[in-house]
Amino acid sequence: MSEEKIGNRNLVVLGAIIVQLCLGSIYAWGIFQNELYRLDGLYGWDKLWSNLPFAAGLASFAIVMIYAGRRQDRVGPRKVATLGGVLLGIGVILSGLVDILGFGADMVQGTLYLIITYGIVGGAGIGFAYVCPIAALVKWFPDKKGFMTGIAVAGFGGGALIFNFVEQGLISYFGYVIGYPLMILGAIYLIFTVLGAQLLVNPPVGWLPQGFTPPATTADGKGTGCVPGVMIRTSSFWVLWLMFIFAATAGLMTLGNVVSAARGIDLTITAFIAALIPSIMAIFNAAGRIVWGTVSDRIGRISTFIMMFSILALAMFGLAFIPTGTSWIVITLIASVVGFCFGGNFALFPSATADYFGSANVGKNYGVVFTAYGIAGITGALVAGTFGQAFGYSMAFLVTGILAVIAVLLTFALKSCRKNA
């Protein structure tokens, strides 16, 4: 851990929100994706291929976060988040050269180029920066883990809200090409992520808020602090990890394809509404992180997981069986429920990781748990690109609804693991 002095922990909250707003823009990829495979657009790419840069970004994000979690526990969150901001900005700026270099005219070359720049480099930047605000806030607010984690990652969900409209406006301004908008956005991410990172610091080792004593029922209260090597040998870890994969697959598949699915159901959707739908979903995504985190502080992580995954499953089935011709308003309402539950993952899983395996190593431990999210990014893209393309989005939503049900069942298994621990 870094040798940082006690300061104003509210400034850490501000820095966390600024950083996460920029990182969350990865969810706005759907706007660019829509331009890549729109039949009357300039590119005409295949649906599956246009999903791959987003999937690569999520995978790179999750893999790099393993190292980033370890690194920020050693040198502090400021340096690691700053590196993340630089990589994110450079990756997105470079991805904007896709049209200038002529790759946009060739689906295979263009996809490979975007996978490397936007996906691998940009995703690595998110991986470095993402864990830093979460780990710092868990240490500064051990009395409000769920709530404060929710506040931090609400910015990640809120980033899509802001950048959906920014991206749509930039794409329209530049004549429906994606290159110049990507370069402008990359510069924005670079500047603001680096600025926000400067506010991220860790408290001294062993610091606790005045008057707070860790409950004896938590990992902190028992004085334990698992390292990843110990954590992955527990049944609790593997059940938690699988829960994350199945729940996140449902949410990511919806986030990345809700506009395309909505256009197929309601043919009257305009460009403005196409940007509005994921933006409204992003509001609920951000709100879900705070609400579910707060609820879990009051009724416990297990009960909250069960409730949240059950609602998620119902919403996925609702999207699966919605009839053609249904208004975009109804589609948006159901998708917003998905977003609300999806957002809760990012408050509950880091909080549960801290509860079960200790806060001392939460950065590196959650980095390992978060690999589930990278796998979910790939499975979500595959479900959309295979089931969605072959059978329509109804089948894709049905499959992910079943995965959400499995997540509910796994939660009961986690409850059993915790009783026997």
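The values are calculated or read from the model by the stated rules, or taken from the named source; none is laboratory data. None of the values given here were measured: they were computed from a predicted structure. When we count neighbours, we look across all protein chains shown, and the Cβ atoms used for this are built from the backbone with ideal geometry, even at glycine.
Odds and ends about this structure:
- Evaluation of Arg263 against (1) of a type in the set (Lys, Arg); (2) in contact with a helix residue (DSSP H, G or I) (Cβ under 8 Å, 6 or more places away or on another chain); (3) under 30 Å from Ala413 (Cβ atoms) (one fails), failing number: (3)
- Of all residues making up the range 298-312, the number that are surrounded by fewer than 20 Cβ atoms within 10 Å (Cβ to Cβ) and either of a type outside the set (A, V, I, L, M, F, W, C) or free of Cβ contacts under 8 Å to residues at least 60 places away in the same chain (or both): 7
- When residues of the range 273-326 are limited to those that are in contact with a Leu (Cβ under 6 Å, 6 or more places away or on another chain) and aliphatic (A, V, I, L, M), the one nearest to Gly251 (Cα to Cα): Ala282
- Yes/no for Leu112 being surrounded by fewer than 24 Cβ atoms within 10 Å (Cβ to Cβ), outside any helix (DSSP H, G or I) and either of a type outside the set (Ser, Thr, Tyr) or free of Cβ contacts under 8 Å to residues at least 60 places away in the same chain (or both): no
- Verdict on Ala136 being surrounded by fewer than 16 Cβ atoms within 10 Å (Cβ to Cβ), of a type in the set (Gly, Ala, Ser) and farther than 24 Å from Asn257 by Cα: no
- Cβ pairs under 9 Å, 6+ apart, first in the range 245-261 and surrounded by fewer than 24 Cβ atoms within 10 Å (Cβ to Cβ), second in a helix (DSSP H, G or I) and of a type in the set (D, E, K, R): Ser260/Lys47
- Any hit, the range 107-120, residues being closer than 16 Å to Ile191 by Cβ and out of contact with any strand residue (DSSP E or B) (no Cβ under 7 Å at 6 or more places or on another chain): no
- Of the listed requirements (1) out of contact with any helix residue (DSSP H, G or I) (no Cβ under 6 Å at 6 or more places or on another chain); (2) at pLDDT below 90, Lys79 misses just one: (2).
- Test: residue in the range 8-22 that is over 27 Å from Leu382 (Cα atoms), β-branched (Val, Ile, Thr), surrounded by fewer than 17 Cβ atoms within 10 Å (Cβ to Cβ) and out of contact with any Pro (no Cβ under 7 Å at 6 or more places or on another chain): no
- Of the candidates Thr82, Thr117, the single residue that is β-branched (Val, Ile, Thr) and more than 27 Å from Pro204 (Cα to Cα) is Thr117.
- Residue among Ser95, Ser50, Ser25 that is among the hydroxyl-bearing types (Ser, Thr, Tyr) and either free of Cβ contacts under 8 Å to residues at least 40 places away in the same chain or within 30 Å of Lys139 (Cβ to Cβ) (or both): Ser25
- Failed item in (1) aliphatic (A, V, I, L, M); (2) modelled with pLDDT under 85; (3) assigned to a helix (DSSP H, G or I), with Leu42 passing the rest: (3)
- If you check Ser359, Ser327, Ser336 for being out of contact with any helix residue (DSSP H, G or I) (no Cβ under 6 Å at 6 or more places or on another chain) and touching a residue at least 40 places away in the same chain (Cβ under 8 Å), only one passes: Ser327.
- Qualifying residues in the range 156-184 (those that are in a helix (DSSP H, G or I) and of a type in the set (Gly, Ala, Ser)) - the one modelled with the highest pLDDT: Gly179
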